[in-house]
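Okay, so here's the structure we're looking at.
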Amino acid sequence: MTDSHTLVAEHVRLGYGDRTVVDGLDLAVPPGRITTIVGANACGKSTLLRALSRLLAPSSGQVVLDGKAVHTQPTKAVARTMGLLPQSPIAPEGIAVADLVARGRSPHQRMLARWAVADERAVEEALELTGTTDLVDRAVDELSGGQRQRVWIAMALAQQTDILLLDEPTTYLDICHQIEVLDLLTDLNRSRGTTIVMVLHDLNLAARYADHLVAMCGGRLLASGTPEEVLTADAVEQVFGLRSQVVSDPVSGKPMVLPIGRHHAVSPATPA
Amino acid sequence: MSASPTTRPAPSALRLGRRRRAASRRRAAAVLGLLVLALFAVSLMVGQTFYGPGEVWRVILGQEVPGASFTVGTLRLPRAVLGLVAGAALGMAGVTFQTMLRNPLASPDIIGISAGASAAAVVGIVVLRVDEALVSGLAIVAALATALVIYLLAYRDGVLGTRLILIGIGIAAMLDSVVAYVIVRAAAWDLQVAMRWLTGSLNGATWGVVLPLVLAAVVLMPALLGQARQLELLQHGDDTASALGVRVERTRLTVIVAAVALIAFATAAAGPIAFVAFLAGPIAARIVGAGGSLMVPAALTGSLLVLAADLAGQHLFGTRYPVGVITGVLGAPYLVYLLIRTNRAGGSL
Ligand SMILES: Nc1ncnc2c1ncn2[C@@H]1O[C@H](COP(=O)(O)OP(=O)(O)OP(=O)(O)O)[C@@H](O)[C@H]1O
Ligand SMILES: [Mg+2]
């Protein structure tokens, strides 16, 4: 199976120019599991994913894929093992959905090589899984935000990698499509053992769909472990500066965060 | 699933759509190619004396044809080849920059790279009095240096965008004034030659001028085409491109050096032919549509623009205008349109 791939960040320091964003972070991605990363805006989640996917070189420490520093490995080989859906990908003007999703096959193609049956299958399957088959001939820039997001996910799926990094894959999606995408990723994880790392902003969905939950705060790893271990009212307060109550989700049995604002609390709430 | 290999499933909608779009892109490129060929032939035939296709063909084959051998072989052929290759070089380099920086304004003639080549060439010829071969060398060094300066000034945490374009426009203005200054200061300077360096012209076409450009194109164009796929992926942003297996920095460097060198050779031979690099890509995109590499269509469009503009400049009006005057008249309104459009959208450049 595919859960033999290991991905580890070893004490990485990441930044842009002179500015350090993430400092001394250690993270071992559990193989064959779903890891979700939560944290406040600008705490460095996307930066961490960029480093994992080897776009950003750490100024100290290293990211290790299958026992070797990811930056020393050939780019194309890495791209056959690990895919990334960035937070805000860009579509060239006028490109058709089919052509965009087909670009997910790039790391599997050689120069001038012909488009193979396997490529075709991968693209068709990705379109089907994301419910975008009907959109194939449409231009990407004419789609709604949610349709476009599903097309991007299809492109990442077409890459057929054993590790998949997704930066806020549910943005723009309505609640039904959010659940659909997360279910789809879970299917992928269960049926193929795909290792999934994703950033999510919805704490409750993050807790429900995670095997492993990572909470980041100010460029550091605040806590990591099972959702039950990580998602406590204390942690929520530390990460987001928000008082809350954590209860058990009646549907999944996972922890569920009920934020306490300044209004609308029935009785003076006492956080657990 | 025991279907025999002879009864393959009907092609899916996905496959059909992709094939249809690819075929229509190829068709459009082929039409462009035919148009270029036709214009090239016309450039060889018309002039003060008309020579038919048969005579022109015999000259090209190297046979001696009274009159035509000199007029076509020595005067028109180098000029037409210069137009063809310089146009292709400008078009391909232009669309490369526009694609890489995801902005139609980011073409080398807008952001000062052509101006760098042209300033170096003028200084080389007028002030240093070096010969033709060295002029190309100077132009390349200067174009690369200009690109480097713009890059360093615009580079901020790896983000290239509007800053680069604005800085480039400023540098272009500075270098253009260097060209103007040198030309004005030069004593016995005839207008034709001056026009070549101010707007670009094919009047200086001799084999000595054309050959270095042709050789450069033979080396550099395949180098650029080899990066076409990576460049397409770079359009999705560095994150996506890298995740799809593109060596982002390396691709960018290769592409910049090859495109800048193409611009430099073309400029050294024909001057900074106004707006061809800027116009070829967007026109090609209109003609062939999205979804594939625009390098070849833009190169063809570049040739088409230069050959057509030169024909028009030579024969359509009472006076003869250098090619750059005609392309300049065509390009300026588009530049204004782009600026107005971005301004309306309230966006940045
Ligand atoms: N390309 C960049 N250049 C310079 N600074 C950047 C760049 N990208 C991000 N940053 C900075 O790094 C910090 C962390 O950004 P990052 O995108 O990792 O945050 P994030 O946790 O993903 O936030 P969000 O939830 O808003 O997506 C921010 O302060 C941001 O301004
Ligand atoms: Mg982010």
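The values are calculated or read from the model by the stated rules, or taken from the named source; none is laboratory data. None of these values were measured; they are calculated from a predicted model. As a convention, Cβ positions derive from the backbone with ideal geometry for all residues, glycine included, and neighbour counts pool all protein chains shown. For accessibility, only protein heavy atoms count, side chains too; no ligands or nucleic acids. Shrake-Rupley method; radii C 1.70, N 1.55, O 1.52, S 1.80 Å.
Some notes on this structure:
- Extension gain for B:Val127-B:Leu215 works out to 29.0 nm (0.36 nm per residue, less the C-alpha to C-alpha distance).
- Segments B:40-53, B:254-267 sorted - mean Cβ within 10 Å per residue, highest first: B:254-267, B:40-53
- Net charge of the neighbourhood of A:Arg208, taken over other residues with C-beta under 13 Å away and scored Lys/Arg +1, Asp/Glu -1, is -4.
- Antiparallel DSSP beta bridges within the protein assembly as shown, as percent of all bridges there, nearest 5: 60
- Counting, for every residue in B:283-291, the Cβ atoms of other protein chains within 10 Å of its Cβ and taking the mean gives 3.
- From phi via Karplus (6.51, -1.76, 1.60), per-residue ³J(HN,Hα) for region A:190-196 in Hz, x at Gly/Pro: 6, 7, 10, x, 4, 7, 10
- Using a simple spin-label model with pseudo-atoms 7 Å out from Cα toward Cβ, B:Val178 and A:Arg190 lie 6.7 nm apart.
- Per residue of peptide A:88-94, the mean number of Cβ atoms on other chains within 10 Å of the residue Cβ is 6.
- Nonlocal amide H pairs with A:Leu85, under 5 Å, H built at 1.01 Å: A:Leu165, A:Leu166, A:Asp167
- Calculated from backbone phi, Karplus (6.51, -1.76, 1.60) coupling profile of region A:220-229 in Hz, x at Gly/Pro: 10, 8, 7, 7, 8, x, 5, x, 4, 5
- Modelled spin labels at A:Val266 and A:Arg19, positioned 7 Å past Cα toward Cβ, are 4.4 nm from each other.
- Of the peptides A:200-210, B:101-111, A:7-17, the ranking by mean beta-carbon count within 10 Å, highest at the top, reads B:101-111, A:200-210, A:7-17.
- FRET efficiency, A:Ala69 to B:Thr206 (Cβ-Cβ, R0 60 Å, nearest 0.05): 0.60
- The residues of the protein assembly as shown present an accessible area of 46 Å² per residue when probed at 1.4 Å with all protein chains retained.
- Note on A:136-142: average number of Cβ atoms from other chains within 10 Å of each residue's Cβ is 3.
- With contacts taken as Cα pairs under 8 Å at a separation of at least 6 residues, region B:208-325 carries a relative contact order of 22 percent.
- At most 12 other Cβ within 10 Å, DSSP loop - chymotrypsin sites (Phe, Trp or Tyr not before Pro), region B:269-347: B:Phe317
- Computed from the C-beta positions of A:Glu142 and A:Ala77 and an R0 of 30 Å, the FRET efficiency is 0.25 to the nearest 0.05.
- For chain A, the relative contact order works out to 23 percent when only alpha carbon pairs closer than 8 Å and six or more residues apart are counted.
- The overall shape of the protein assembly as shown is prolate: from the C-alpha gyration tensor, with semi-axes ordered a ≥ b ≥ c, the ratio a/c is 1.5 or greater and a/b exceeds b/c.
- Using R0 = 22 Å, the C-beta based FRET efficiency linking A:Glu10 and B:Tyr151 works out to 0.10.
- Heavy-atom accessible surface of region B:18-344: percent carbon and sulfur, 1.4 Å: 68
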